[in-house]
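For reference, the structure discussed in these notes is given below.
Since every read-out is calculated from the coordinates, none of them should be taken as a lab result. All values reported here derive from a predicted model rather than from experimental measurement. When we count neighbours, we look across all protein chains shown, and the Cβ atoms used for this are built from the backbone with ideal geometry, even at glycine.
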Amino acid sequence: MSAADPPPSRDELLSMAYVDGELAHADRAAFEARLEREPALVREVAAQQRLAVMARASAPREPIDREWARIRGSAIQRLGLPLGWTLLGLGAAGLASWCAWEVECAPVGIAPKLLTAALAAGFLVLFLLAVRARIRTKPFDPYDDVQR
């Protein structure tokens with residue numbers, strides 16, 4: 001902190017203590033109640049968590065990190081991952097297309113077709129909800145700026 005920087009506010013100090021686990025039980029409960037009502041305080045806690053994670057991430061690399069880097073750099077990994085994902089995507093798309101064709105063209109009643117459509121719609125709804133949740137929580141993710 002330089003001479004020109006203002007001292008931390010009470011909320012900043014409370015956020016730091018909260019992230020570090022230094023608040024007493026009653027203070028913690030009161031602070032968490034405030035978090036439910038004050039979005040700005042939630043953003044402050046997220047910023048403090050991000051700083052705490054970045055501080056931990058500045059430690060020297062561990063041996064397992066070196067091994068993961070070696071694995072990522074290997075030719076088998078660089079060629080195998082795209083091939084595996086491509087085959088998986090082609091297989092899933094082909095199987096889904098074949099199932100859609102069979103459901104549409106097979107001489108079955110409307111019930112199996114409606115159930116299949118409900119299954120596909122359910123998967124789509126759950127996927128979209130997961131994407132929405134990820135987008136909304138991304139600003140609060142303390143590990144967003146950390147690279148292993």
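Values [x] 1, 7, 9, 10, 11, 11, 10, 9, 9, 9, 7, 4, 2, 1, 0, 0, 0; [y] 2, 8, 13, 15, 15, 10, 8, 8, 8, 7, 4, 2, 0; [z] 2, 8, 14, 17, 19, 15, 12, 7, 3, 1, 1, 0, 0, 0 are given for comparison; P(r) over Cα pairs in 5 Å bins from 0, in percent, derived from the coordinates here, is the one labelled [x]. Here the chain is assigned +1 on the Cβ of each Lys and Arg and -1 on the Cβ of each Asp and Glu. Its dipole about the Cα centre then comes out at about 520 debye. Each residue of segment 31-42 was assigned a 3J(HN,Hα) from its phi angle through the Karplus expression (A = 6.51, B = -1.76, C = 1.60, θ = phi - 60°), giving 5, 5, 5, 5, 4, 5, 9, 10, x, 5, 5, 4 Hz with x at Gly and Pro.
In the chain, helical runs assigned H by DSSP with n ≥ 4 each contribute -39500 (n - 2.57); averaged across all residues and rounded to the nearest 500, the mean residue ellipticity at 222 nm is -26000 deg cm²/dmol.
Rounded to the nearest Hz, the phi-derived 3J(HN,Hα) couplings of segment 10-26 under the Karplus curve 6.51 cos²θ - 1.76 cosθ + 1.60 (θ = phi - 60°) are 4, 5, 5, 5, 5, 5, 4, 5, 5, 5, 7, x, 9, 7, 5, 4, 5, where x marks glycine and proline.
Modelled this way, with points 7 Å down the Cα-to-C-beta line, the labels at ASP65 and ASP145 are 1.6 nm from one another.
Between segment 22-53 and segment 76-116, the C-alpha centres lie 45 angstrom from each other. Take the Cα of ARG72, step 7 Å toward its Cβ, do the same at GLU102, and the gap between the two points is 4.0 nm. Think of segment 61-148 as a dipole: +1 on every Lys or Arg Cβ, -1 on every Asp or Glu Cβ, centred on the Cα centre; then among LEU83, ALA111, LEU124, LEU83 lies furthest on the positive end. Here the contact order of the chain, divided by its residue count and restricted to Cα pairs under 8 Å and six or more residues apart, works out to 35 percent. Put a dot 7 Å past the Cα of ASP20, heading toward its Cβ, do the same for ALA118, and the two dots end up 5.5 nm apart. Quick check on segment 79-148: take the gyration tensor over C-alpha atoms, sort the square-rooted eigenvalues as a ≥ b ≥ c, and tell me if it's rounded (a/c under 1.5), prolate or oblate. Note, shape of segment 79-148 comes out oblate.
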